[in-house]
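Taking it in order: structure first as structure tokens, then the write-up.
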Amino acid sequence: MAIRAVLWDIDDTIFDYSGADRTGMRAHLEGEGFPGGYATLERALDAWKAITDAQWARFAAGETDFQGQRRERVREFLGRWMSDAEADAWFGRHAAHYEAAWALFPDVLPVLDRLAGSFRHAVLSNSSIHNQDRKLRALGVRDRFEAVVCAVEIGVSKPDAAAFHAACEALALDPREVAYVGNEPDIDAAGAVAAGLSGIWLDRDGLGGRPELARITGLDELPGLLAGDTRFGAPDTFG
């Protein structure tokens, strides 16, 4: 069955989330004052990323809700108890700096242009529609995607097969007709494969080490991979 649509992850796939988050937190801490417990600013920024990753994993596992993971990130990072209102306010001040740093990866618009006439496009994200729809509009690409499907609204997160199937249903396509592109080898590519889609790992850092997955190191490689349309039976050929 031929691939008819590309389903996209957003953060660290088309949108430089890590870069924007680090830049935004750096600016935020310059205004808020450096928190105790960290020897340097860089260590504080590394800690914020590690805490963010851990809390997102808890959210994906259903152990907390979307707002709860934000609050716990703040409390753990600062190392002190805060009321919900205090944590929300602190995160909100950070978010203003973070949003000022929003940017697409430079290979995104060229590949969307190249694929526009050949494939349909949609988004599946482990976030909320409020955040991701607004982000895509701010970045000027919301109209490139027929649907934006998010974990908060459907009640299930990647890599659960139900999340991928919900996105396929939004496109009215069989999973075998959809390729999923994401930066996480397990949550995105392997999860998509297990759900019956064609999963593609966008390995921007060139980590490698997952020969069972179709892998690209930049989106410029995606059109060639899709053109083969062989269900990516020999992923090692592509990077």
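The values are calculated or read from the model by the stated rules, or taken from the named source; none is laboratory data. Quick caveat, the model's predicted, so the values are computed rather than measured. Note that each Cβ is placed from the backbone with ideal geometry, even for glycine, and that neighbours are counted across all protein chains shown. Ligands, DNA and RNA are excluded from the accessible area calculation, which covers all protein heavy atoms including side chains. Shrake-Rupley method; radii C 1.70, N 1.55, O 1.52, S 1.80 Å.
Identify, by number, the condition in (1) crowded, with 16+ Cβ neighbours inside 10 Å; (2) modelled with pLDDT under 95; (3) more than 22 Å from the chain's Cα centre (by Cα) that A87 doesn't meet.
Condition (2) is where A87 drops out.
Kindly indicate whether any position in the stretch 110-124 is open to solvent by 40 Å² or more (accessible area, probe 1.4 Å) and under 16 Å from the mean Cα position of the chain (by Cα).
Kept after step one, since they are open to solvent by 40 Å² or more (accessible area, probe 1.4 Å), are these residues of the stretch 110-124: 110, 113-114, 116-118, 120.
Narrowing the set further to residues that are under 16 Å from the mean Cα position of the chain (by Cα) leaves none.
No: zero hits.
Would you please name the residue that is nearest to A95 (Cα to Cα), looking only at residues in the stretch 40-79 that are crowded, with 16+ Cβ neighbours inside 10 Å and hydroxyl-bearing (S, T, Y)?
Across the stretch 40-79, the extreme among qualifying residues is T52.
Would you call G218 surrounded by 14 or more Cβ atoms within 10 Å (Cβ to Cβ), on the phi > 0 side of the Ramachandran plot and modelled with pLDDT of 95 or more? First the steps, then the outcome.
On the way: surrounded by 14 or more Cβ atoms within 10 Å (Cβ to Cβ): yes; on the phi > 0 side of the Ramachandran plot: no; modelled with pLDDT of 95 or more: yes.
Here the answer is no, as G218 does not meet what is asked.
Sort out which residues of the stretch 178-229 are closer than 21 Å to F119 by Cβ, in a helix (DSSP H, G or I) and not aliphatic (A, V, I, L, M), and write them in order of number.
Correct list: D188, G191, D220, E221, P223, G224, G228.
State the number of residues belonging to the stretch 18-39 that are open to solvent by 40 Å² or more (accessible area, probe 1.4 Å) and either of a type in the set (G, A, S) or assigned to a helix (DSSP H, G or I) (or both).
Our first condition is that a residue be open to solvent by 40 Å² or more (accessible area, probe 1.4 Å); within the stretch 18-39, this holds for 18, 22-23, 26, 30-32, 34, 36-39.
Those still in the list that are either of a type in the set (G, A, S) or assigned to a helix (DSSP H, G or I) (or both) too: 18, 22-23, 26, 30-32, 36-37, 39.
Total meeting the criteria: 10.
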